[in-house]
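A.B. asks: Submitted below is the structure of interest, expressed as structure tokens.
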Amino acid sequence: ELYRMRIRASSPLVGSSLRESNLGRRFGVSVLQIDPFHDDPTLFGQPLPSALRDRVGAMQAEPPGLPDPDRVLLHNDVMLVRGAPEQVSEVEVAMHLGMLPVEEAPEELGELLSQEIGIAEVLIAPRSSFAGAVVAEGAVGRSFGVLVLGIRRGDHHVDSTEPLQVGDALLVRGTWKAIGVMAEEVRNFVVVGQPEEIATQVTDLDSRSWLSLGILAVMVALMASGVVPVVIAALLAAVAMLATGCLTSTQAYRAVSWSTVILIGAMIPMATALDATGGAARIADTLVDVFGGFGAVPLLAGIMLITTGFSQVISNTAAAVLMAPVALGAAAGLGVDPHPLMMGLAVAASTAFLTPVGTAPNLMVMSPGGYRFRDYAVVGLPLLALFFIVSLLLIPIIWPL
């Protein structure tokens, strides 16, 4: 929770620095911001009207930043403090501070972020040298110049005076450069998200922005109309983006997901080998024998069931590549159109809802959200059933078997 606390004249903090006060180690609280005291502006000794006074105050205000640990604290300085209620109460009594109305504290939240200052969630990596370190002693803050706003372990918060453990999630505030340095410490930290940094990269629309939207629209139209193959339409759009200057060659190269390219390149030989050795035909014959006697729709359900099983433990791309020859063989064996079976395969390959290892986003949110393995099954099973029911109803109607 956030609190605004004013330094009284009798406070032992007057004349000392934030570093010397050691509030984090002694009381387990974090000082997020320090606002210096300003006398109300006057004109010829008379107070200004409230509207003009507010405008002058806004002009005097400095942009938000990290508090300087060596800044000398003065009488009437206002500190934005984060901590548990009992910790803040202890600081209030021990340091002779004045508590400002708590309801005013949330107004300060909008000032904690800027184009220079951001917030990110950081996980302690398995081999991190910071495992066992104490945040209140400045282990993380002094090393990287950031403020640790909170610590979560599993589904509960941890006091900053407790040693860190592997998997602990830290909410840190600092310059984007400092957060970037932490992200590079891959042995020590895993930076889960930097949403404010992404927001600062958004630029206004210009002529090239509208041109790129036009190229996208033409690509979609070509794909939908079938005038050219989908691959050719995408390739033409990529060439147009480079030719018109919407993207540089470096930007285009960096935008390619090489891990996906390598994965597909590695899985295609496996699928080819499965087809060449007769493995795909054997699996397809088994599917036809088991489900084919009941009709084409049960066969579609069988293919979707096997594919979704693969997608829970391997990537959806790999599952689709592996099952494609099986679905084609099953369609040929039963003498039905392969299009509905392939569409069912595509849908089933994207239903990695039951485990955290089926797809990267599932794994990324597991620790920050405090989820357990079975939580995915509890939520995923109903969603998976919904996908199956809707697919088995709509696919045979749109693509008749």
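A.B. asks: Just want to confirm a number: the relative contact order over segment 207-255, from Cα pairs under 8 angstrom separated by 6+ residues, in percent.
C.D. replies: Rounded, it is 39 percent for segment 207-255.
A.B. asks: Stretch Asp68-Arg372 to full length: gain in nm at 0.36 nm per residue minus the Cα-Cα span?
C.D. replies: 105.5 nm
A.B. asks: Which residues' amide hydrogens lie under 5 Å from the amide hydrogen of Phe353, considering only partners 5 or more residues apart or on another chain, with H built in the peptide plane?
C.D. replies: none
A.B. asks: Can you tell me the FRET efficiency between Val93 and Arg254 if r is taken as the Cβ-Cβ distance and R0 is 45 Å, rounded to the nearest 0.05?
C.D. replies: Using R0 = 45 Å, I get an efficiency of 0.25.
A.B. asks: What ranking, highest mean first, results for peptides 3-12, 311-320 when packing means the other Cβ atoms within 10 Å averaged over each residue?
C.D. replies: 311-320, 3-12
A.B. asks: Taking amide H positions as placed in the peptide plane 1.01 Å from N, state which residues far from Ser17 in sequence (5 or more) or on other chains have amide H under 5 Å from it.
C.D. replies: When sequence neighbours closer than 5 places are left aside, the close amide H contacts are Leu73.
A.B. asks: Can you work out the Karplus-derived ³J(HN,Hα) for every residue in segment 165-179? Use 6.51 cos²θ - 1.76 cosθ + 1.60 with θ = phi - 60°, whole Hz, and x for glycine or proline.
C.D. replies: 10, 4, x, 4, 9, 10, 9, 10, 10, x, 5, 4, 5, 5, 5
Every number in this text was worked out from the coordinates using simple rules, so none of it is lab data. Predicted model only: the values in this text are computed from it and were never measured. FYI the Cβ positions are ideal-geometry reconstructions off the backbone, even for glycines, and counts take in every protein chain you see.
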